Amino acid sequence: MSTQTDTRNKITIRRLREMKQTNEKIACLTAYDASFAQLLEKAAVDVVLVGDSLGMVIQGEETTLPVSVEDMLYHTQCVAKGLQNALLITDMPFLSFTSEEEAVLNAGLFMKQGGAQMVKLEGGIDQADTVSALNKNGIPVCAHLGLQPQYVHKIGGYRVQGRDAAQADKMQDDALALQQAGADLMLLECVPESLAARITRALDIPVIGIGASAECDGQILVLYDILDISLGIRPKFSKDFMRSSSSIQHAIEGYVQAVKQGTFPAAEHVFN
Ligand code: KIV
């Protein structure tokens, strides 16, 4: 059973909101197993995401589409064992939330059997009812806008989103609708800096960016990208923190410090 002392340092939704209000940057990373999770915990990463990026970095797939609910549950259970205080989020994989019932059942599995404290799902206003159903059932949600890798075949590749005015306005409307539906956190992927700034200001909930500039309330990257061990080419918005580090632990701490101090992302990691 947790004591008052254990829970005091736990990262909660309330704490993340407080960090937004006090301009304290939120440092997030992905993890897929207990050993790396404990390194993230030691580095005081605030939020750990079991991303469906595991399809690409763990399973060697070309996209995140083949990842199953079972895969996500297994890796969530592994990561949960390495964490104490970081908030644990699990991605809802492709086609695991095609109805509100399915979303609640699968998200419920990640929380009840996996130890997740929040789920993340891709999609705009079309997912507002699903977010609301999860919210009604006590399941915290991180919405995901901008580049949504589960839509890769629909959008024809991995590209920056929200560059034209109509797309940008739609993204801001989607963000407000998802917040209204009960989302507790917003992730923006590959979004121009000015739009990321606009959405971050418009929302009360914290906004975490990946390729969305330092204007967001926090940052997330794929762990294997910062260690430079991902398959293929590291994205422009990411940074190899291993290059200037003597160990993996040191590289993760370097990332956390750079996010907290606002030195990452720098101009070369940002889209305009
Ligand atoms: O799956 C993942 O790792 C993600 C990233 C955008 C953080 O969703």
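The values are calculated or read from the model by the stated rules, or taken from the named source; none is laboratory data. Just so it is clear, the model here is predicted, and its values are computed rather than measured. Cβ: placed from backbone, ideal geometry, glycine included. Neighbour counts: every protein chain shown. When the accessible area is computed, the model is the full protein with side chains, heavy atoms only, and any ligands, DNA or RNA have been set aside. Shrake-Rupley method; radii C 1.70, N 1.55, O 1.52, S 1.80 Å.
Keeping the other protein chains in place, figure out the carbon and sulfur percent of the accessible area of the stretch 133-272, with a 1.4 Å probe.
Solvent-exposed carbon and sulfur of the stretch 133-272 make up 50 percent of the total.
Taking a label point 7 Å from the Cα of Gln167 along the Cα→Cβ vector, which residues of the stretch 209-232 have an amide N closer than 20 Å to it?
So the set is 209-216.
Note down the accessible area of Asp174, probe 1.4 Å, to the nearest 10 Å².
Around 20 Å² of this residue is reachable by solvent.
Which whole-number value in Å² is the accessible area per residue of the stretch 172-272, probe 1.4 Å?
For the stretch 172-272, the solvent-accessible area averages 40 Å² per residue.
What percentage of all Cα-Cα pairs in the stretch 39-165 are separated by more than 20 Å?
Summing the P(r) tail past 20 Å for the stretch 39-165 gives 44 percent.
Stokes-Einstein diffusion coefficient for the chain at 20 °C in a medium of 1.002 mPa s, Rh from the Kirkwood formula over Cα pairs: what value in µm²/s?
Stokes-Einstein gives a translational diffusion coefficient of 117 µm²/s.
So between Leu105 and Asp240, what do we pick up on full extension, going 0.36 nm a residue minus the alpha carbon distance?
Full extension from Leu105 to Asp240 adds 44.9 nm.
Please report the accessible area of Ser247 (heavy atoms, 1.4 Å probe, ligands and nucleic acids excluded) in Å², nearest 10.
Ser247 has an accessible surface of roughly 50 Å² with all protein chains in place.
To the nearest 10 square angstrom, how much accessible area does Ile125 have with a 1.4 angstrom probe?
The accessible area of Ile125 comes to roughly 90 Å².
Rounded to the nearest Å, what's the spacing between the alpha carbon centres of the stretch 109-168 and the stretch 1-80? Just the number, please.
Spelled out, the Cα-based centre of one part sits 16 Å from the other.
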